[in-house]
1. Look through VAL277, VAL293 and report the one residue that is crowded, with 16+ Cβ neighbours inside 10 Å, outside any loop (DSSP other than H, G, I, E, B) and out of contact with any Ser or Thr (no Cβ under 8 Å at 6 or more places or on another chain).
2. From the list VAL299, VAL261, pick out the single residue that is over 33 Å from the mean Cα position of the chain (by Cα), open to solvent by 40 Å² or more (accessible area, probe 1.4 Å) and β-branched (Val, Ile, Thr).
3. Would you confirm, using the coordinates I've provided, whether ASN317 is of a type in the set (S, T, N, Q), touching a residue at least 40 places away in the same chain (Cβ under 8 Å) and either surrounded by 15 or more Cβ atoms within 10 Å (Cβ to Cβ) or more than 16 Å from the ligand (Cβ to nearest atom) (or both)?
4. Please enumerate the residues belonging to region 193-249 that are in a loop (DSSP other than H, G, I, E, B) and of a type in the set (Asp, Glu).
5. Given region 24-141, what helices (runs of 4 or more DSSP H) lie entirely inside it while holding 1 or more residues that are more than 24 Å from the chain's Cα centre (by Cα) and surrounded by 17 or more Cβ atoms within 10 Å (Cβ to Cβ)?
6. For region 159-192, give me the residue count where each residue is of a type in the set (A, V, I, L, M, F, W, C), part of a helix (DSSP H, G or I) and either more than 22 Å from THR22 (Cα to Cα) or open to solvent by 20 Å² or more (accessible area, probe 1.4 Å) (or both).
7. Is it fair to say GLU256 is of a type outside the set (S, T, N, Q), more than 10 Å from the ligand (Cβ to nearest atom) and not in a loop (DSSP other than H, G, I, E, B)?
Amino acid sequence: MRKNTKQIYVGDVPVGGTSPITVQSMTNTITRDIESTVNQIISLEQCGCDIIRSAINNIDDAKAIPIIKEQIHIPIIGDIQFDYRLAIEAVKNGVDCLRINPGNIGNKDRVKEVVNCCKEYDVPIRVGVNSGSISQKFIDKYGGVNSDSLVYSCLEQVEFLESLGFYDMKLALKSSDVNMTIESYKKISELTNYPLHVGITEAGPKSTGIIKSAVGIGSLLSQGIGDTIRVSLTAPPEEEVIVGKEILKSLKLKTEGVNIVSCPTCARTNIDLIKIVEEAEERLKTVDKNITVAIMGCVVNGPGEAREADIGITGGNGEGLIFKKGKIVKKVSEEFLLDELMNEIEKM
Ligand code: SF4
């Protein structure tokens, strides 16, 4: 069962509590290159991104925020490293949330200035600590970089923000080590009620990054931990959003959109199922229906195994069957099978 955390708002998107688990990504354009940044955010919105984060590296990035916001439809988080003045400028220029690691913003007076600005503009803060930025005193206390030093380093920052009367926070504890990430989030989930931003940082190239993210994020979500997720891949950010949504769908934490079920193929497969599935995946990306589509290699297990699917195809010898809810509705030759499936889906 999902933990009922405190709910905060990033722009108009709720995070935490009983609100849907959101998918985030981060732009890789130069933020002040407004046209490129807006184009990438729009593309990410079309993939289903709920919240976007952009790096604020200088004053021009901060000043680009209001112009970017006029052209996009999802909240934008300003990602700040080190410079508290940029954090303040980002808030004044309209970011919907600030991502900072208070530990690298500088002395407490600087953090206080940032927090006061967030209070004034009603902007939440994502406190982000990763394994590379753990306070040395906790590394010494807990014997190295581990889940305890990560958690208590984050909690120290949370307590400092709370001492300033600031509670509008979500927390992130990032490590590229999947086990450490899982342990850390489990611990902090027991120690605080703030919403958690879950992800495996620097997860790597697409193939291994997807696996690490699915295992790490997936196991936490399956234990009811996590309110917003970011899959971190060395790949175009659209891929992160697609993978993030699939993780949620696989745990039935998101039911919107097309869910594809397909068989692994075997000696009974007599059609080019792998090609059909690849093409179907591409064509179904733009279908805005909440349906499960099964694509099965043979009639032996096809409609039966995919009885739960709303619609599907099952291969025969150079031909296939289209079925709905386990009942065969049409026989079609292999070359028209996918087109016919798409026609039937359109009618649904
Ligand atoms: Fe093999 Fe048929 Fe099962 Fe596909 S559905 S794996 S072709 S038995």
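The values are calculated or read from the model by the stated rules, or taken from the named source; none is laboratory data. Predicted, not measured: the structure shown is a model, and the values here were computed from it. Glycine gets a Cβ as well: all are built from the backbone with ideal geometry, and neighbour counts include every protein chain shown. Surface areas here come from the heavy atoms of the whole protein model, side chains and all, with no ligands, DNA or RNA. Shrake-Rupley method; radii C 1.70, N 1.55, O 1.52, S 1.80 Å.
1. Working: VAL277 fails: out of contact with any Ser or Thr (no Cβ under 8 Å at 6 or more places or on another chain).
On inspection, the qualifying residue turns out to be VAL293.
2. Numbers: VAL261 fails: over 33 Å from the mean Cα position of the chain (by Cα).
One residue alone meets the criteria, VAL299.
3. Numbers: of a type in the set (S, T, N, Q): yes; touching a residue at least 40 places away in the same chain (Cβ under 8 Å): yes; either surrounded by 15 or more Cβ atoms within 10 Å (Cβ to Cβ) or more than 16 Å from the ligand (Cβ to nearest atom) (or both): no.
Against the criterion (of a type in the set (S, T, N, Q), touching a residue at least 40 places away in the same chain (Cβ under 8 Å) and either surrounded by 15 or more Cβ atoms within 10 Å (Cβ to Cβ) or more than 16 Å from the ligand (Cβ to nearest atom) (or both)), ASN317 does not qualify.
4. Going through region 193-249, the residues in a loop (DSSP other than H, G, I, E, B) turn out to be 193-195, 199-204, 223-227, 231-233, 235-236.
Of everything in region 193-249, those that are in a loop (DSSP other than H, G, I, E, B) and of a type in the set (Asp, Glu) turn out to be GLU202, ASP227.
5. On the way: elements: 34-47, 59-71, 84-92, 108-121, 136-141.
It comes to 59-71, 84-92, 108-121, 136-141.
6. At the first step, the residues of region 159-192 found to be of a type in the set (A, V, I, L, M, F, W, C) are 160-161, 164, 166, 169, 171-173, 178, 180, 182, 188, 191.
Keeping just the survivors that are part of a helix (DSSP H, G or I) gives 160-161, 178, 180, 182, 188, 191.
Filter once more, so that each one left must be either more than 22 Å from THR22 (Cα to Cα) or open to solvent by 20 Å² or more (accessible area, probe 1.4 Å) (or both): 160-161, 178, 180, 182, 191.
Total meeting the criteria: 6.
7. On the way: of a type outside the set (S, T, N, Q): yes; more than 10 Å from the ligand (Cβ to nearest atom): yes; not in a loop (DSSP other than H, G, I, E, B): no.
Judged against the criteria, GLU256 is not a match.
Residues are listed down the side, and each one gets a yes or a no for (1) within 16 Å of the ligand (Cβ to nearest atom); (2) under 30 Å from ASN317 (Cα atoms); (3) outside the structural domain of ILE217 (by TED's automatic domain parsing):
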{"residue": "GLU238", "(1), (2), (3)": "no, no, no"}
{"residue": "LYS245", "(1), (2), (3)": "no, no, no"}
{"residue": "THR265", "(1), (2), (3)": "yes, yes, yes"}
{"residue": "ARG268", "(1), (2), (3)": "yes, yes, yes"}
{"residue": "GLU279", "(1), (2), (3)": "no, yes, yes"}
{"residue": "LEU284", "(1), (2), (3)": "no, yes, yes"}
{"residue": "ASN290", "(1), (2), (3)": "no, no, yes"}
